[in-house]
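Peer 1: Below is one structure. I have some questions about it.
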Ligand code: ATP
Ligand code: MG
Ligand code: MG
């Protein structure tokens, strides 16, 4: 087949492929295990798993582990965990390294077909041969190695793998013999194999040469009989080399389709770039809530369903647009809104004495856990003479349009039958900040409906006192510019105020009821998961018995 022809028309290859798959859709999600997954991967997962599921097909999780220098097995585990967290289960977990022997054979075959050669130019000469650096392209020239005899390349490539190559050892690579006259840079004799000296986490020191993405990816798709090779749109130009290589080897060619990668404003995605930010110490790690790794989102309490709803709301196009963080947050909020019980939280507490209430006054205020959903139930919180409100709900002077508390103004306390009116206040001598507010409880019945209701918590020692929160962390975007990658140095774009720590916030006592419920529902979920796992295990054992295979492992 020539590039541009439908790769599936060879009847023999098509029949083999159909025999292998039974004609179903087969996709794969292919992360490189060089970091943890991020929200962009949630999109890739939704697309690959979603497309297969929609068509009654299957999706593999394939670790693209072709570079032992950057990959670690901890990332494999974390990736699988994140995939499962998003609620999908790979049909099978595979590794590019499973196919190293077959890929090596493919490389030898490619050389035999005179479609690849060992090149011993150094990296700079390769760039010059390709017409120079991007943006200042000159003429492209073939190096002397390009025309070396097939036998010589076969011999040298074997020597590369065996470690017996002496001359030009350091720079030797295997290059595909593509088409230097083609306008597409992906056709300019891409590197297929290069040396890597670190042992591979799975294959140890078995290999000295490792395939590149351009060589391995399409052939792994072939070996797994992938039907739809879905990838992000920066690989559009790679489609030509993808098909070139499969055709050069005369093997089944999956069809590559591209979609636009997810970009979020004011942050960076991409494992390698995220590594840089984490290593700089600006954030505390992969689960720092300021980055958009799935671990971090999980830690922030973003449910996986909300992540999926968000990526699905963006649709699948090839357009790459940067999405504002506010849009993500809005999606999460609207997912959580009907599902989350509410608490009152006073971030920066200011003491309020309700002077006309007796010292031993206690009224239990029943309040719904959700403002619109009575089914969530209620909790009860005490109202006493001493309460705390948030500093931001009080002003020393009222103004037009200001609705909350100020001297002489009346405001409602959420769920409390009557409002309070501010009589006076005190400021702290050292800071000048408001330290104590004095109010009156307006239970005489003549007061108008207050214009606003504010949050509050009451002092009621010892058992039903508000919960003191040692540290509350308020997060803002990590980058001050919408496109940090557009900056010369991403570290210049860091937002100095991405984390604000508030000490001594107060949480209403309904917290204990909620903690209890959360605990119970977690226990319920765990029970369900265990029973599902047991059932699945029983099914596998039964199936294995039927096939006569051992059930061990
Ligand atoms: P690296 O920095 O190592 O390239 P990466 O974040 O780009 O990391 P990959 O392992 O290269 O992750 O990508 C795995 C799969 O996820 C690929 O199919 C890739 O196209 C897809 N993917 C990666 N980032 C995004 C994104 N932002 N939006 C959608 N898909 C993505
Ligand atoms: Mg990569
Ligand atoms: Mg990538």
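Read-outs throughout are calculated quantities, based only on the coordinates presented, and are distinct from any laboratory measurement. Just so it is clear, the structure is predicted and the values come from calculations on it, not from any experiment. Note that each Cβ is placed from the backbone with ideal geometry, even for glycine, and that neighbours are counted across all protein chains shown.
Peer 1: As an exercise, use a Förster radius of 41 Å and the Cβ-Cβ distance of residue 317 and residue 519 to find the FRET efficiency, rounded to the nearest 0.05.
Peer 2: Efficiency computed from Cβ-Cβ geometry: 0.45.
Peer 1: Take 176, 274, 364 and order them by how many other Cβ atoms sit within 10 Å, fewest up front.
Peer 2: 364, 274, 176
Peer 1: OK, next. Rounded to the nearest 0.05, what FRET efficiency do residue 355 and residue 324 have when you use their Cβ-Cβ distance and R0 = 41 Å? Write out the running numbers ahead of the final one.
Peer 2: Numbers: r = 47 Å, r/R0 = 1.15.
Using R0 = 41 Å, I get an efficiency of 0.30.
Peer 1: Hey, what angle do you get for helix 39-54 against the long axis of the chain, alpha-carbon based, 0 to 90 degrees rounded to 10?
Peer 2: On a 0 to 90 degree scale, this one is about 70.
Peer 1: Shifting gears a bit: Does anything in segment 431-455 have its amide N under 14 Å from the 7 Å Cα→Cβ label point of residue 402, and if so which residues?
Peer 2: The answer is 434.
Peer 1: Give the percent of DSSP beta bridges with both residues in the chain that are antiparallel, rounded to the nearest 5. Show your work: numbers first, answer last.
Peer 2: Numbers: 44 of 66 bridges.
Percent antiparallel among DSSP bridges in the chain is about 65.
Peer 1: In nm, give the distance between the simple-model label positions of residue 495 and residue 34, each being 7 Å from the Cα along the Cα-to-Cβ direction.
Peer 2: Result for the modelled spin labels: 2.9 nm.
Peer 1: Thinking of the chain as a set of Cα atoms, what percent of all their pairs are more than 32 Å apart?
Peer 2: 60
Peer 1: Multiply the residue separation of residue 488 and residue 428 by 0.36 nm, subtract the distance between their alpha-carbon atoms, and state the gained length in nm to one decimal.
Peer 2: Answer, rounded to one decimal: 16.9 nm.
Peer 1: I want to check the label-to-label distance for residue 512 and residue 166. Put each point 7 Å from Cα in the C-beta direction and report it in nm to one decimal.
Peer 2: Rounded to a tenth, the inter-label distance reads 8.2 nm.
Peer 1: What would the Debye equation give as log₁₀ I(q)/I(0) for segment 511-553 at q = 0.17, 0.22, 0.23 Å⁻¹, counting only Cα atoms as equal point scatterers?
Peer 2: Calculated log10 I(q)/I(0) at the listed q: -0.58, -0.72, -0.75.
Peer 1: May I pose another question? Can you give the % of DSSP beta bridges in segment 345-465 that are antiparallel, to the nearest 5?
Peer 2: 75
Peer 1: Okay, next question. Under 13 Å from the 7 Å Cα→Cβ point of residue 105, by amide nitrogen: which residues of segment 181-224?
Peer 2: 223
Peer 1: Calculate how steeply helix 150-162 sits against the longest principal axis of the alpha-carbon atoms of the chain, using the helix alpha-carbon long axis, and give the answer as 0 to 90 degrees to the nearest 10.
Peer 2: Once rounded, one gets 50 degrees.
Peer 1: Using the count of nearby Cβ atoms within 10 Å as a rough guide to exposure, how do 72, 271, 426 rank from fewest to most? Working shown, then result.
Peer 2: Numbers: 72 14, 271 20, 426 11.
Ranking 72, 271, 426 by Cβ neighbours within 10 Å, fewest first, gives 426, 72, 271.
Peer 1: So what is the 222 nm mean residue ellipticity for the chain from helices alone, if each DSSP H run of at least 4 adds -39500 (n - 2.57) and you divide by all residues, rounding to the nearest 500 deg cm²/dmol?
Peer 2: -10000 deg cm²/dmol
Peer 1: In degrees between 0 and 90, to the nearest 10, how far off the longest principal axis of the chain does helix 325-336 point, with axes built from Cα atoms?
Peer 2: Computed tilt is about 70 degrees.
Peer 1: Can you sort 512, 85 by how many other beta carbons sit within 10 Å, fewest first?
Peer 2: 512, 85
Peer 1: Normalised by the residues of the chain, what does the relative contact order come to in percent, with Cα pairs under 8 Å and at least six apart?
Peer 2: With pairs under 8 Å counted, the relative contact order is 12 percent.
Peer 1: What distance in nm separates the two pseudo spin-label positions at residue 438 and residue 206, each 7 Å out from Cα along the beta-carbon direction?
Peer 2: 8.3
Peer 1: Applying 1/(1 + (r/R0)^6) with R0 = 25 Å to the Cβ-Cβ distance of residue 158 and residue 196, what FRET efficiency is obtained, to the nearest 0.05?
Peer 2: Values: r = 17 Å, r/R0 = 0.68.
So the FRET efficiency works out to roughly 0.90.
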